[in-house]
Structures are given as structure tokens and as C-alpha cells.
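**Student:** Right, I'll just put the structure down here and ask away after.
The values are calculated or read from the model by the stated rules, or taken from the named source; none is laboratory data. Please read these numbers as outputs of a predicted model, since none were measured by experiment. Cβ coordinates were reconstructed from backbone atoms using ideal geometry, including for glycine residues, and neighbour counts include every protein chain displayed. SASA here: full protein model, heavy atoms, side chains in, ligands and nucleic acids out. Shrake-Rupley method; radii C 1.70, N 1.55, O 1.52, S 1.80 Å.
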Amino acid sequence: MSSPPSSSLYPIHLLMDELKSEDVVLRLSSIRRLSTIALALGPQRTRDELIPFLQDQLDDEDEVLLVLAEELGGFAEYVGGREWAWTVLGPLENLAAVEETLVRDKAAESISKISAVLSAEAIEDHFLPLLRRLASGDWFTSRTSACALFAAAYPIATTPVQEEMRKMFSGLTSDDTPMVRRAAAKALGPFAKSAADLPNQHPLLISDFIPLYRKLAADDQDSVRLLTIPDLIALASALTPEEVKEHLLDPMRASVTDKSWRVRYMVANEFVGLAESVGESVIREELVSAFVGLLKDNEAEVRTAAAGQVPGLSKLVDKEVILARILPCVRDLATDSSQHVRASLAMQISGLAPLLGTDSTVEHLLPLFLQLLKDDFSDVRLNLIGKLDQVNDVIGIERLSQALLPAIMELAEDKQWRVRQAIIEYIPLLAQQLGVQFFDDKLGQLCMSWLGDTVFSIREAATINLKKLTDVFGVDWARTTIIPKVLEMGDHQNYLYRMTTIFAITTMAPALNLAIIKDHVLDSALNLANDPIPNIRFNVAKCLETLALVLAGSPEGQEIIQRRIIPAVKKLQEDQDADVRYFATKAYERTTGDELRGAEPMVLS
């Protein structure tokens, strides 16, 4: 008779035992199974037994608490749905007051999730008392958690509760502890947005929320002030341009010229979002001048952030404004003393081309591109090369290549091998933009010359480059243009060239088809199996393995493997060199094994 009750008690007792274990992994595992246990217990027993147990059992490991806070966020359905969701708030309130920030943040996120499904009565009876307790807690930890809880519950609450919530939040913005004011500054934007989305709340934005923003924006701690920039954007988005001018213009000006570079950095970083939220007239009258000021800021970090916003802001102003106000600053940034500023500009400057049109791009931007392509800092050059397609779309490939190709060719033969390597990695991107005809005329010979470079990393990058070019232009192009040149190097008296042939075949194999491998590539690989240099012979073993993996997809390919590749690999297994025998044996196992069809081609080290 006693077996049914004991079996129904089993999940909760097991959980209790596991949560008291000294093994953290076991405790974590049991917390992750909470939903399964709750499902087994049913809503009633989950509310009566599991939730009180979790409320009393506060683990000392932050990792366990973090997982618990996350799990409880989805617990509403296990305690009986919307009507009983408030019961989950108890354990989460404890978690929202712990010392570890990650746990508190996750607990606040889960409380917000739960509060979003509560009724107005449950908000008043259960959520509001929790909010009061957290907002008036002795430790700053609970007060910081309270700041994040207002936005989700506010739209559901009744008018008197909403009023109390606004008063409570106002108290948190004046808290003595900077950490709490920081949390309030971070939460003000979402809170204001949740109020702005409700009918009849617009006057409250001006009467209640803007004073809170102004107070935080004038805080004596720059770590608080910098967090008010997203609040400014959220409030400006909800107001008319006239209201923005009346209520937000002064604090906006103060932020742009703030004495702390971190605040100015935040303004610069969010400048496009700010501009989009305030309306055309404010952009024209205020923000263009402010942006010019940030582009000329004393701090390199601020200029770097502002440089990243150049195309975004330029889309919001007239072409004349770009040419008269923004472009002179861009010219200065192209020669900025900070390499990070120049790199940020190089990443974004191409975005101006579609806005300026063909003639202005040729006249104003091409000289800057040329200058940045010759920059000493490699990231500047690479960031620019990576975005040339936007310029190509505006001025056409002829003009672009005439202006910039000499600089690219110069970089491709740079005495620093890392610069050469970086250019190689961008060649496929350029090839895609330039087209096959132009590539063959101007860059084809250059790509082949890298295969004979004195630095191994360049030769390796060059072989990878050939595979990518084959993907771009197709196997027929590869068969006529590059494969003959690659195979020709297999007869070179310098063993490094012969090695490069094997590397190139191995790397390109996945991009080739059966006909090219059978008619052109395989013979060269098999000839090199008899090379006097052991390093070449064991790389041939790796190469044959990769070719077999490519060929294995068709009956004809399987026949070639049996007739030509396996005998060659067997012969290499009897080689006098131990390394050759080792790699040949590995190749044989993979070439003849069951994994052949599903295996990945080998990547050469």
C-alpha cells in the first residue's frame, strides 16, 4: 500500500539529496532537470513542495545559482500557468540579492519574464511588495536588481501601482551608491519606452521621466553619465522634434562636450541612433556641428568611434553638408596620428561613395583610398580592401583599377611577408569584384609568383588562394589557367617548388571535378611518389588520400582509387623512410576504410 506515495515522493527527495551533494557537477545537473522534476510532481506539488524547498536552499556556488535563476524564468507553466506564476517570485527574489552580478542579472531577467505574464491583481499583490523590498534593501545588490524590474511589469499594472513604481524608480536614481545609479541609468531607457508605448502616458514622459534623465545625465560619476546616452535616444524617439528641442537639447549638448572622454565616446558610438531619434531639424541645427567636434576630439578613442559612424550620419544629411562639413574631417582622419582611428575610417569610408556619386567619389575619395592603401598599419590597408566593392558599384571597375591597382600590386610585393600574406587573403575578394578577364590580365601572374615565394606561409596562403579562386571562377578556368602552371612546377629542380605542387593539388582537390583529377592532376601526384626527397613522398601520401576522398563519390572515381591510388599508397608503405611509411599507412587505412565516403579531406599542417 505504501509504494505509490513513496514513488511519488521520489523526484523531490532525489533532488534534495543531489542539491546537498558536495559535487558541483551533480548539483548543476539536478538544477538543469528542475523542469522535468516539476513536470513529474505536477503544478500543485511544485508550488507546495519544490518552490519552498528552492527558496530555502541557496547554494554557495555562483555557477549553480546562475543556472537556477535561468531555469526559474520559464517556470510559470510548471506551477499552474498565469494564475500561479507569482509563486516563482520567492526564490528569484533571494537570487536577485546575491553578491555575484551575473546571478543577479539573470534573476532580474527571469523576474521580468514572470511579471510579464502576471495579471494586474498579481502585480499589485505579489510583484509590487517584492519590488518594494528589493528597492529598499540594505545592501546595494538588491537595489541594483530592482532597477531592471520596472519595464516589464509597468504596462500591466494599474494606474495607482504605476504611480508608485515611478516614485520608487525616482528614489533609485537618487541613491547614494553609484552602482545603483548606474543600474537606474541603464534601466531608464527600457522603462521610458514601456511607458511611451501606452496610451495617455506621453505627458508623463515630460513630467516624470525627463527629470530623471536630466538628473542622471548630470551625475558626478562619469560611469553613470555614459549610461544615459541610450536613455536619451529612447526618450527622443518617443517625443516630437519640438519637444526634443525644448526638453533634451541642453543635456544632449552637455553629453557631446562632456569633460569625460568615456561619455563623449559613448555619444560618438551611438551617434547615428541619436541622430535618427531626434529628427531632421535637430540634425541640421545641432548634430552636424556636434559630430564634427567628435571627429576632431582630443582623445583617439572618441575619434575612432566617431569615424565608424561617418557613413551612417552622412545618409541623414544632404550631399552638400557631407562635402562641406564631414569630408574635411575625413581627410584629417586619413592622416590621424592614431592607427586605430585610421583603421576605423578605412572600414567605413567606402560607405560614402554611394552617397557622393561618381564624380565626387573620383575627385574626393579616390585620393584618400590611395593614401590609406599605402598606410604603414596593415589593418588600415586590409579594412579598405575588404570594402572596395561599394566603390566599384559607384565608379566602375575601370576607374577603380586604374587608381588603386598600382598600390595593390606594390603591397603584393611588399618586403614584409605578413603584408604579402594579407594581400593574398584578399585576392579572391578582389577577383570577385574585378571579374575573370581583368584578373587574368593584371593579377594572374602575380598569384602564380607567390607559389615560389621564399617564405613557407606565403606559399601555403597562395595554394589556399588558388582553391578560393577556383571556387570563384569555376573549374574550367582552373583547368586552363592555373593547373598547367602548378603541375609544371612539379618538374622543377628545386624541391620546394615540387613540394608546392603537392600542397596546391591537395588544397585545390575538393574544388576540382573527376575529369580534371583523372586527366591532369593524378599523374603529377603519382610521379612525385618516386621523388628522392622523403618530405615530398609523405606529402604525396597525404595528397593521394585527399584525392581518394574527392573521387569516392562516383563509381568511376572508385575504380580509379582501386586501380591507381591504392597501389601507389601500398608502394609508399614499403618506403625506406619511417615518416613516409607512417603517412602512407594512415592514407591506406582511410582510403580503404568504411569512413571513405563521409570523411573530410585532410588539411595540411
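**Student:** In nm, give the distance between the simple-model label positions of residue 578 and residue 471, each being 7 Å from the Cα along the Cα-to-Cβ direction.
**Tutor:** 3.8 nm
**Student:** Taking the convex hull of the Cα atoms, report for the range 437-525 its projected area averaged over all directions, in nm².
**Tutor:** 5.3 nm²
**Student:** If the convex hull of the alpha-carbon atoms of the range 44-105 is projected onto planes in all directions, what is the mean projected area in square nanometres? Mind showing how you got there, number by number?
**Tutor:** Details: hull surface 15.2 nm².
That works out to 3.8 nm², a quarter of the Cα hull's surface.
**Student:** Express the accessible area of the chain per residue in Å², computed with a 1.4 Å probe while the remaining protein chains stay in the model.
**Tutor:** 45 Å²
**Student:** Let me make sure I get this right: for the range 332-483, a, b and c are the square roots of the gyration tensor eigenvalues over alpha carbons, sorted descending. Under 1.5 in a/c it's rounded, otherwise prolate if a/b > b/c, else oblate. Which is it?
**Tutor:** Numbers: a/c = 2.40, a/b = 1.40, b/c = 1.71.
It is oblate, given that a/c is not under 1.5 and a/b is not larger than b/c.
**Student:** As I understand it, the value is the acute angle between the Cα axis of helix 578-592 and the longest principal axis of the Cα atoms of the chain; what does it come to in degrees, rounded to 10?
**Tutor:** The helix 578-592 is inclined about 70 degrees to the chain.
**Student:** For P(r) over Cα pairs in 10 Å bins from 0, in percent, which listed value, [x] 3, 15, 24, 24, 17, 11, 5, 1, 0, 0; [y] 3, 13, 15, 13, 14, 18, 15, 7, 1, 0; [z] 3, 13, 17, 16, 14, 12, 10, 7, 5, 3, 1, 0, 0, 0, comes from the coordinates shown?
**Tutor:** [y]
**Student:** Also, quick follow-up: Residue 592 to residue 223: extension gain in nm, 0.36 nm per residue of separation minus the Cα-Cα distance?
**Tutor:** Net length gain for the segment: 126.4 nm.
**Student:** May I pose another question? Put a dot 7 Å past each Cα toward the Cβ at residue 399 and residue 370; how far apart are the dots in nm?
**Tutor:** Each label point lies 7 Å from its Cα, and together they span 1.4 nm.
**Student:** Further question on the same structure: What trypsin sites (Lys or Arg not before Pro) does the range 410-473 have in DSSP loop regions with at most 16 other beta carbons within 10 Å?
**Tutor:** Numbers: sites: 415, 418, 420, 442, 459, 467, 468; in loops: 415.
Answer by residue number: 415.
**Student:** Name the longest site-free stretch of the chain, where the excluded sites are GluC sites (Glu not before Pro) in a DSSP loop with no more than 10 other beta-carbon atoms within 10 Å.
**Tutor:** No qualifying site falls inside 100-573, the longest such stretch.
**Student:** Let me know the shape class of the range 165-296, please: from the alpha-carbon gyration tensor, a ≥ b ≥ c as square roots of the eigenvalues, rounded when a/c is under 1.5, otherwise prolate if a/b is greater than b/c, or oblate.
**Tutor:** Working: a/c = 2.19, a/b = 1.17, b/c = 1.86.
Oblate, because a/c is 1.5 or more while a/b does not exceed b/c.
**Student:** Per the 1.4 Å probe, what fraction of the accessible area of the range 297-419, in percent, lies on carbon and sulfur atoms?
**Tutor:** 45 percent
**Student:** While we're here: For residue 44 and residue 257 in the same chain, what is the full-extension length gain: residue separation times 0.36 nm, less their Cα-Cα distance, in nm?
**Tutor:** Taking 0.36 nm per residue and subtracting the Cα distance, the gain is 70.8 nm.
**Student:** What lysines sit close enough to residue 571 to cross-link, taking a C-alpha to C-alpha distance under 21 Å and skipping anything fewer than 8 places away on the same chain?
**Tutor:** 518, 542, 586
**Student:** Let me ask something else. For the chain, calculate the relative contact order in percent as a whole number, restricting contacts to Cα pairs under 8 Å that are 6 or more residues apart. Can you show the working numbers first?
**Tutor:** Numbers: 773 pairs, mean separation 30.6, N = 605.
With pairs under 8 Å counted, the relative contact order is 5 percent.
**Student:** While we're on this one: How many angstrom lie between the C-alpha centres of the range 212-251 and the range 281-326?
**Tutor:** Value for the Cα centre distance between the two parts: 20 Å.
**Student:** Set the Förster distance to 25 Å, then compute FRET efficiency between residue 514 and residue 571 from the Cβ-Cβ distance, nearest 0.05.
**Tutor:** 0.60
**Student:** Computing the accessible area with a 1.4 Å probe over protein heavy atoms, can you report the carbon and sulfur percentage for the range 15-117? Can you show the working numbers first?
**Tutor:** Details: 2330 of 4800 Å².
Carbon and sulfur atoms account for 49 percent of the accessible area of the range 15-117.
**Student:** Per-residue ellipticity at 222 nm for the chain, helices alone: DSSP H runs ≥ 4 residues times -39500 (n - 2.57), over residue total, nearest 500 deg cm²/dmol?
**Tutor:** Values: 40 runs with 391 residues, N = 605.
Here the helix-only value at 222 nm equals -19000 deg cm²/dmol.
**Student:** How far apart, in nanometres, would the label points at residue 17 and residue 488 be if each is projected 7 angstrom from Cα along the Cα-to-Cβ direction?
**Tutor:** Label at residue 17, label at residue 488, 7.7 nm between them.
**Student:** Taking all protein chains as present, what is the carbon and sulfur share of the accessible area of the range 467-605, in % to the nearest whole number, probe 1.4 Å?
**Tutor:** 48 percent
**Student:** Now, a different point. How do 247-255, 580-588, 501-509 rank on mean C-beta neighbours within 10 Å, highest first?
**Tutor:** Per-residue Cβ counts within 10 Å, averaged per peptide and sorted highest first, yield 501-509, 580-588, 247-255.
**Student:** Right, another one. Round to the nearest 10 and give me the degree value, 0 to 90, for the angle of helix 159-173's Cα axis relative to the longest principal axis of the chain.
**Tutor:** Value to nearest ten degrees: 70.
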